[in-house]
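The values are calculated or read from the model by the stated rules, or taken from the named source; none is laboratory data. This structure is a prediction, so every number in the text was calculated from the model and none was measured. Cβ placement follows ideal geometry from the backbone for every residue including glycine, while neighbour counts extend to all protein chains displayed. The area values use the complete protein model at the heavy-atom level, side chains included, leaving out ligands, DNA and RNA. Shrake-Rupley method; radii C 1.70, N 1.55, O 1.52, S 1.80 Å.
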Amino acid sequence: MPTAYPLPENVSPATVANTASLLRIIALGLISAAAIASRLFAVINFESIIHEFDPWFNYRATRVLASKGFYEFWNWFDPTAWYPLGRVVGGTIYPGLMTTSGVIYYILHALHLPVDIRNICVLLAPGFSALTAWATYMFTKEMKDDSAGLLAAAFIGIVPGYISRSVAGSYDNEAIAIFLLMFTFFSWIKALKQGSAFFGTIAALFYFYMVAAWGGYVFITNMIPLHALVLLLMGRFTSRLYVAYSSWYAIGTLASMQVPFVGFQPVRTSEHMAALGVFGLLQIVAFAQLVRAHVSSKQFQNLLFVAVVSTGVLGFFAIVGLTYKGWIAPWTGRFYSLWDTGYAKKYIPIIASVSEHQPTAWPSFFMDLHFLIWLFPAGVVMCFRALRDEHIFVIIYAAMASYFAGVMVRLMLALTPVVCVTSAVALSTLLDTYLDPTEPTVNEKAEPVNDPPSTNVPVTPKKAKKLKDKETAATARGALGDVVSSVTSAAGGSTTSPKTTKGIFGLDGRVAVLVNALGLLLFFVVHCTWVTANAYSSPSVVLASTNPDGSQHLIDDFREAYYWLRQNTAEDAVVMSWWDYGYQIAGMANRTTLVDNNTWNNTHIATVGKAMSSPEEVAYPILRKHDVNYVLVIFGGLIGYSGDDMNKFLWMVRISQGVWPDEIQEPNYFNNGEYRVDDRASPTMKECLMYKMTYYRFAQLFGGGQAIDRVRGQHMPANGPTLDYLEEAFTSENWIVRIYEVKKDDVLGRDLKVANAFGEGKKRKRTKPIARRKAIAA
Amino acid sequence: MAPAKSSKTPVASETSVALTTMWKSYIQHTSDRLKLIDAFLVFIMFSGIVQFAYCVLVTNFPFNAFLAGFASCVGQFVLTASLRAQVNPENRSEFNDVSPERAFADFTLGSIVLHFFVYNFLG
Amino acid sequence: MVPRITFHFIWLVLATCVHAGSLSLQNPRFTITSSTAAQLRTDTLSLAEKPEPLKLGPSDTLKFTFQITENGEGKGVQPHQTFLRFHDSVSGEEGIQPVRVTPGGKAKFELNMARPPPSLPPTADRPLEVSLILGSFVHEPTIFDLFDLYVPPSHAPAPHPDEAKFHVLPLIHHTFRPEQKLPPKFVSVVFAALVLSPWLVLLGLWSKIGVRVPHLFSPRIIPFTALLGAFEALLCWYWIDLKLGEVLLYGGILAVPTIFAGKTALAATGEWRTGKN
């Protein structure tokens, strides 16, 4: 048998197998290490700190869990959030994340390792990313083989699309959810392949964990039934499918109802009905199979078929009917916004206002996935070639996730794993084909060679060196062409086709392609490192900028302000801010907030929006009625921080307009359709509380010079707004956070505006008393 | 059997014939082991039906308790049906990785997990 | 606040101590003229009893003159505060009108209904009670109930502009979900019996099939079944008493021997099966 390059002789198969498994273990270990290490940029560049917004709540809840115990946490009613309503925390969260870190905390403390709960929270996401890499390896192994699994693990370990949600300190539900997602899918595939109730049960248990951890569990709830349904429609019903699906659904659904936040939803809402319907359908089909085994009459079989189909249709209409009667809750708004991208903007501005819910911009696909996004379709094509049951799953997953990722930036996260899996399948097929030492024979039948590719990998770089110069100009587009051509020509590579009439002749062709592929992998690593270090590691609580000399300058206004609140205000002081900052105020300043990132009460948020977008006189009663002591606004105009409240202001207007359409109207805040904050701003804009608080005394900072708002690039008038009902309490170093105190009633019982005018020495206008008597016209 | 009842009169006689042949074939070709399991399945099915009837006819008041009871029936039913499918000699070719003993081990594990959640949900 | 009260109190004490005497009214007299200057009614008021209610048309004018003297003597005094109070006792609306008094104690008040003062309260078809309030630093304060006055009815009082904002809100009534009622005992018992009845079916079917468990009590099987029973007992105990953490702990402990027992038991059954078949 001719080979393209010499193979080592007299190596026993056992040695090869052992070496391969050793290499696999080492590779997985290194991948885990890389996955963890690349997520530590955030800790090294900044510090061990909780990031962003939601993680602050999770962290606060975890602290409660760690200090007070599980049952106390379970029954936790938080009176300081959503003042004056309060929030039943135990029943309105997915407790999986907190419980996970709580368990780790208790185990470590039982081992006498006094680790701070904050460090556990910060490092939880990197730790779980290593597990995700392992789960992806297992999953991909079911798709193709070990080498594809290793590639997939390496991809998911460092791909920015996943890192963006799992850097150290990003203590959010997604941190553990992706691992659970992948492991649930792996168990499902395994259960389906073996027809094992054991793996079905495992899938159900991990599904339960997933339900307890992330609202995105609905994705699994619909993916698995969809897969089962497609298999059913393709005529691939087997008892294995029945066993796997039934055991998963029966246990998983009951388990999912244990989470208080989910409650009876699995039997009451439309999102879960697909799973129930497929479950019922499978029972019917299985029963029909059983009956058919004992019956020979052709006519009866036809009758049975009709009965099955009509039962399915009946069941479908029953579900629709129940939905209309109100027994089953219809789709929720968030779900509608997945199908109709304009829906949220029209009906639920609060959902549309979150930047994560915006449709994805095209460049972010490349940013998050790099060259995997090109390999992804090739991998899907590979799945079509073999088309076993598990490949159908990947194909469905790829189709669904691609759509969802296009609709919402946030769901990029769900797409990332399947992209890694399919790309790994594609790339591994490519490598298999080109590393296969067997030279194709023209006529003779050669025996198939099954070389574990991992043993061959070290050989390649040596050879690659020779031809490096030749191939440096290889572009990514060329690589795609390579992949496609290899897919079309290689016919499944060395593993499937016994006759090797197709293949690669000689060394040069192999090396050219392999160097190209390796170059792509190299660029991928460089890109991932760069993106992770520069784009995804910012805690957004601490901002970084560069000094003129190139050194890093940290802008720590948020913590400065929250710390001020904690030290200088009464413990029961109520702080009003836009909901984005609710969790941070609660977590860092430990003060009561009106609204926070758990946006469960639209009216309450609209109330805050109304207070912000109304004139002072209107806002003041609202503030006093809600016992607000301080109002906090974010202002980036001085240093050019674009995520400030003036840029979010229109959402406040829109949300409050939804509740008070008579009092707040969006067009009033524009000047001829332009969003202006300078002296051409509309009168409504100039009068509203948010504008006044943002630009109060801003012009004075420039000492008579022209004041300029660096975010909106507009020149501010020299005479800024004045405040009567509030007074400035604190402004941070770079003016990012401004805190105002709400004035108490005037001691003389005057209106605060009048009192202020008196204080400035203005003469009070004498007004005629109003006649209370209105004569009836004769 | 639901399909038989929904059939029309011209085919009714044929259907009843088919039904009797089916029943005979079942009695003849099914081993005692499977019949044992089938008896258990019938038992679970009746339990579930009675509970469901109670929910519909009388009250669904402790809804979680009803769900726990009903789900325990459904879950146990499908687990047992899975066991039946796995130990059925006719399906041997489909389940290469699952011996009857392994199937029983899976069945016990699944049942214990199911019962744990049932008791947890019972209130 | 406190110093002010004591301040008043001192004056009060002072006034009673000094006993400078009380104020009285001399020659209180009212005249009602129409818009054409025709005198409609004029009379001297007696303070002992109210006269017949006075009636004012929409364009009539009421003139009221009096002199304030000390202790009923001729010398007029000027009290520090003099008010006429118009009060509607049913609606509670009132209007206070200050009256200017000359140093000689003489005062004249005029109410022109064509241009009523802003303080005149809104009226219905009831009369307003008119009283004179005198306040002084050195005399005892006095109130004289003068007369009842009909003025043309007006619109109902407009709500105060601040009323909407500062208003006592009605008490919140918490509404609770009605208590779920349990079905009658008889129904419960019947359904309990029904739920248990499938056991009969099961036992009947099994006895018909003829269940044989030849190996149930063999030493390789019995630990497994016993441990499975223990698991069920543990879960039942969880329902009655245990907490989640304890169940997971005990379950974990119980799982280890169960796995081993299960392995041996199932290996044994496997042997019997293959041996038999």
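Yes/no matrix, rows are residues, columns are (1) more than 18 Å from A:S538 (Cα to Cα); (2) surrounded by fewer than 19 Cβ atoms within 10 Å (Cβ to Cβ); (3) out of contact with any Pro (no Cβ under 6 Å at 6 or more places or on another chain):
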| residue | (1), (2), (3) |
| --- | --- |
| A:E9 | yes, yes, yes |
| A:A17 | yes, yes, yes |
| A:A20 | yes, yes, no |
| A:A27 | yes, no, yes |
| A:L30 | yes, yes, yes |
| A:L40 | no, yes, yes |
| A:I44 | no, yes, yes |
| A:K68 | yes, yes, yes |
| A:D78 | yes, no, yes |
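Here is a yes/no grid of residues against (1) under 30 Å from A:P114 (Cβ atoms); (2) without any contact (Cβ under 8 Å) to a residue 40 or more places away in the chain; (3) assigned to a helix (DSSP H, G or I):
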| site | (1), (2), (3) |
| --- | --- |
| A:L7 | no, no, no |
| A:V16 | no, no, yes |
| A:L22 | no, yes, yes |
| A:L28 | no, no, yes |
| A:A34 | yes, no, yes |
| A:E52 | yes, no, no |
| A:A61 | yes, yes, yes |
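Residue-by-condition table, conditions (1) within 32 Å of the chain's Cα centre (by Cα); (2) surrounded by 13 or more Cβ atoms within 10 Å (Cβ to Cβ); (3) basic (K, R); (4) modelled with pLDDT of 80 or more:
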{"residue": "C:T65", "(1), (2), (3), (4)": "no, yes, no, yes"}
{"residue": "C:E70", "(1), (2), (3), (4)": "no, yes, no, yes"}
{"residue": "C:G76", "(1), (2), (3), (4)": "no, yes, no, yes"}
{"residue": "C:F83", "(1), (2), (3), (4)": "no, yes, no, yes"}
{"residue": "C:D88", "(1), (2), (3), (4)": "yes, yes, no, yes"}
{"residue": "C:R115", "(1), (2), (3), (4)": "no, no, yes, yes"}
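Here is a list: C:G275, C:G251. Which entry is more than 12 Å from every other protein chain (Cβ to nearest Cβ), over 16 Å from B:F107 (Cβ atoms) and assigned to a helix (DSSP H, G or I)? Going through C:G275, C:G251 in turn, the sole match is C:G275.
Among the residues that make up the range A:420-428, is at least one of them under 24 Å from A:I224 (Cβ atoms) and in contact with a Cys (Cβ under 8 Å, 6 or more places away or on another chain)? The answer is yes; a qualifying residue exists. In this structure, A:W660 does not satisfy being aromatic (F, W, Y) and under 31 Å from the mean Cα position of the chain (by Cα). All told, A:G235 meets the bar of being without any contact (Cβ under 8 Å) to a residue 24 or more places away in the chain, open to solvent by 20 Å² or more (accessible area, probe 1.4 Å) and more than 21 Å from B:L83 (Cα to Cα).
Look at C:E246 and say whether it is within 10 Å of chain B (Cβ to nearest Cβ), among the charged types (D, E, K, R) and within 18 Å of B:V113 (Cβ to Cβ). So C:E246 does not fit the description; no.
Residue-wise test of (1) farther than 25 Å from A:S187 by Cα; (2) in a helix (DSSP H, G or I); (3) open to solvent by 20 Å² or more (accessible area, probe 1.4 Å); (4) of a type outside the set (D, E, K, R).
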site: A:I373; (1), (2), (3), (4): yes, yes, yes, yes
site: A:G379; (1), (2), (3), (4): no, yes, no, yes
site: A:E390; (1), (2), (3), (4): no, yes, no, no
site: A:A399; (1), (2), (3), (4): no, yes, yes, yes
site: A:F404; (1), (2), (3), (4): no, yes, yes, yes
site: A:L411; (1), (2), (3), (4): no, yes, yes, yes
site: A:T416; (1), (2), (3), (4): no, yes, no, yes
site: A:A426; (1), (2), (3), (4): no, yes, no, yes
site: A:T429; (1), (2), (3), (4): no, yes, no, yes
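Which one is farthest from A:N602 (Cα to Cα), of the residues in the range A:319-335 that are modelled with pLDDT of 70 or more and buried (at least 16 other Cβ atoms within 10 Å of the Cβ)? Going through the qualifying residues, I end up with A:I319.
The rows are residues; the columns are (1) modelled with pLDDT of 90 or more; (2) in contact with a Ser or Thr (Cβ under 7 Å, 6 or more places away or on another chain); (3) crowded, with 18+ Cβ neighbours inside 10 Å.
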| residue | (1), (2), (3) |
| --- | --- |
| A:A81 | no, yes, yes |
| A:G91 | no, no, no |
| A:L97 | yes, no, yes |
| A:V103 | yes, no, no |
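When C:L235, C:L227, C:L194, C:L266 are checked against the criterion of being at pLDDT 85 or above, at the interface with chain B (Cβ under 9 Å from one of its Cβ atoms), open to solvent by less than 100 Å² (accessible area, probe 1.4 Å) and over 60 Å from the mean Cα position of the chain (by Cα), C:L266 stands alone in meeting it. Contact map, the range A:732-754: residues that are on the phi > 0 side of the Ramachandran plot paired with residues that are modelled with pLDDT under 90, Cβ distance under 7 Å, separation 6+ or inter-chain. Pairs shown: A:W735/A:L638.
So that you can scan it fast, the table gives a plain yes or no per residue for (1) open to solvent by 30 Å² or more (accessible area, probe 1.4 Å); (2) within 7 Å of another protein chain (Cβ to nearest Cβ); (3) outside any helix (DSSP H, G or I); (4) at pLDDT 90 or above:
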| site | (1), (2), (3), (4) |
| --- | --- |
| B:W23 | yes, no, no, no |
| B:F52 | yes, no, no, no |
| B:G75 | no, yes, no, yes |
| B:Q86 | no, yes, no, no |
| B:D97 | yes, yes, yes, no |
| B:L114 | no, yes, no, yes |
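The residues in the range B:54-72 that are closer than 19 Å to B:G123 by Cβ, more than 7 Å from chain C (Cβ to nearest Cβ) and either without any contact (Cβ under 8 Å) to a residue 12 or more places away in the chain or of a type in the set (S, T, N, Q) (or both) can be counted, and the count is 4. Being at the interface with another protein chain (Cβ under 9 Å from one of its Cβ atoms), open to solvent by 30 Å² or more (accessible area, probe 1.4 Å), assigned to a helix (DSSP H, G or I) and free of Cβ contacts under 8 Å to residues at least 24 places away in the same chain is a description that applies to A:L303. Among the residues of the range B:99-112, those that are of a type in the set (A, V, I, L, M, F, W, C) and more than 7 Å from chain C (Cβ to nearest Cβ) comprise B:A103, B:F107, B:L109. Does B:S93 satisfy being facing chain A (nearest Cβ under 7 Å) and of a type in the set (S, T, Y)? In short, no. Of all residues in the range A:554-612, those that are β-branched (V, I, T), without any contact (Cβ under 8 Å) to a residue 60 or more places away in the chain and either surrounded by fewer than 22 Cβ atoms within 10 Å (Cβ to Cβ) or touching a Gly at 6+ places or on another chain (Cβ under 8 Å) (or both) total 2.
If the condition is being in a strand (DSSP E or B) and within 27 Å of the chain's Cα centre (by Cα), then the range A:606-644 contributes A:V633, A:I634.
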